[in-house]
Amino acid sequence: MSAQAPTQTTRNETAPLVFLTLAAFLLNTSEFVPIGLLTDIASTFSLTESGAGLMISIYAWAVAALSLPLMIAASRMPPKRLILVVLAVFCAGQVGTAVAPTFELLVAARLVVAAAHAVFWSVASPYAVRVAAPEHASRAMSMIVTGTSVAMIFGLPLGRALGIALGWRMTFVVVGAVTLAVALGLAATFPRLATGEPFTLRRLPELGRNRALLGIYLLTILYATGYYVAYSYIEPFLSQVAGMPNDLITVALSIFGVAGLIGSWLFARFFDAHRQAYLRTTMIGLSAALLLLAPVAPWAAGAIGVCVLWGACSTSFNAGAQAEVIRVTTEEQSAVAMSIFSGLFNVGIGSGSIIGGVVCDTLGVGAIGFVGGAVAVAGALWCALVLWRLLAKA
């Protein structure tokens, strides 16, 4: 009888983790797809690419502003009910995006999606860790982060291909429909986890006194800002600077996502044994990828090679940083700490997108890698000189 217990436990863990991973894939697909369809969306509303790119910044800032207050409000809700409500709101936002007749209404619909995004990424990793057995925690984390990579491999390129073939609005219709199916799967398989004690504003000073956590937050802002200075405008860069045709751009974005899977595997394989070096290595790799973006652009193989390094470091950093946030906080603090992490990550996304737009309008799209790389180098220095000491003491 006892020999069967591990098998049953694994089976009970796997189904909800798979559906959580699929939900992560869909939320990130919805977030990334506007980047791959930026030119078409801009054309629909008679905007420049940098003007349409403002939608990315507004979305990111909304997530940043909403993450903490929504998570504190939602901390009273049972986990299973919360995750289903989040996916319902997300579906509504996809419908609104698909039918928006004006750019202003499109942005409003994206704000609905941003609200769902803010709560989902506050709870996805903590819930995954709670669903899994303690010895499977790293694997559960890597599965959630894998959803991001798969979104880059299949979600963004397929969404882009669907948008080019049938119009960009159809991409959001499909995302909404698949999300409904995933929500049904979670309704059937997600366990009834204990709600726990609600986290109130009075307890925020606890997080403010956690120096290791604050160090991770600063690194996260630098990472996301540098990353999205370049990534927000990767489609026009590959088209105008690298001279890639549409089909090859789709391939390059897919390879970027495949490299993210490599990063997810690296995290699951090496993070626990090499925590001190892990974040430093990912920041150095990101800095190198961004600074090399323009120099290797004339050669398709070079540009794709940079995408491999960039994508692997992206997923590796995301998983490692989230794991450290959960490690340096208590179970009661982790969801709110993750909501702040998500909010600050999106501050970086919004700032990076705005800076990238300014770079495109002034220095030209070819300079996005240099500017993003300079910010990433600052993050690498912070990680190498200060943060590792804070994490070692935590």
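What's the FRET efficiency of L248 with L84 using the Cβ-Cβ distance as r and R₀ = 51 Å, to the nearest 0.05? Each step should come with its number before you reach the end.
Values: r = 40 Å, r/R0 = 0.79.
Calculated transfer efficiency: 0.80.
The residues of the range 304-347 expose on average 23 square angstrom of accessible surface per residue, using a 1.4 Å probe on protein heavy atoms. Along the range 295-308 the Karplus relation, 6.51 cos²θ - 1.76 cosθ + 1.60 evaluated at θ = phi - 60°, assigns HN-Hα couplings of x, 9, 4, x, 10, 4, 5, x, 4, 5, x, 5, 4, 5 Hz to successive residues, with x for each Gly and Pro. In plain terms, the chain from R202 to A92 could stretch by 36.3 nm, reckoned as 0.36 nm per residue minus the Cα-Cα distance.
Inter-label distance, A177 to T362: 4.5 nm, where each label sits 7 Å from its Cα along the C-beta direction. Taking 0.36 nm per residue of sequence separation and removing the Cα-Cα distance, the L214/A301 pair yields an extension gain of 27.4 nm. Each residue, M170 and S46, gets one label point 7 Å from its Cα in the Cβ direction; the gap between the two is 2.6 nm. Shown in residue order for the range 208-224 are the 3J(HN,Hα) couplings computed by the Karplus curve 6.51 cos²θ - 1.76 cosθ + 1.60 at θ = phi - 60°: x, 8, 8, 5, 4, 5, 4, x, 5, 4, 4, 4, 4, 4, 5, 4, 5 Hz (x for Gly and Pro). Every helix of 4 or more DSSP H residues in the chain counts as -39500 (n - 2.57), and over all residues that averages to -27000 deg cm²/dmol at 222 nm.
Coupling constants for the range 264-271 follow from the phi torsions by the Karplus curve (6.51 cos²θ - 1.76 cosθ + 1.60, θ = phi - 60°), and in residue order they are 5, 5, 4, 4, 4, 7, 10, 4 Hz; glycine and proline get x. Extension gain for R389 to A187 (0.36 nm times residue separation, less C-alpha to C-alpha distance): 68.4 nm. Simple spin-label estimate for W265 and E331 gives 3.3 nm between the two label positions (7 Å along the Cα-to-Cβ direction from each Cα). When nucleic acids and ligands are ignored and a 1.4 Å probe is applied, R81 ends up with an accessible area of around 140 Å².
How large is the Rg to Rh ratio of the range 152-265 when both quantities use alpha carbon positions and Rh follows Kirkwood?
Working: Rg = 20.1 Å, Rh = 18.3 Å.
That ratio is 1.10, to two decimals.
Calculated FRET efficiency, A374 to Q276, Cβ-Cβ distance, R0 = 25 Å: about 0.50 to the nearest 0.05.
With distances taken between every two different alpha-carbon atoms, the chain has a Kirkwood hydrodynamic radius of 20.9 Å.
Given R0 = 41 Å, the distance between the Cβ atoms of T102 and T14 translates into a calculated FRET efficiency of 0.40. Highest mobility in the GNM of the chain, judged by mean-square fluctuation with C-alpha springs under 10 Å and restricted to T282, T330, T171, is found for T330.
The values are calculated or read from the model by the stated rules, or taken from the named source; none is laboratory data. Note that the structure is a prediction, hence the values are computed from the model and not measured. Neighbour counts run over all protein chains shown; Cβ positions are idealised from the backbone, glycine included. When the accessible area is computed, the model is the full protein with side chains, heavy atoms only, and any ligands, DNA or RNA have been set aside. Shrake-Rupley method; radii C 1.70, N 1.55, O 1.52, S 1.80 Å.
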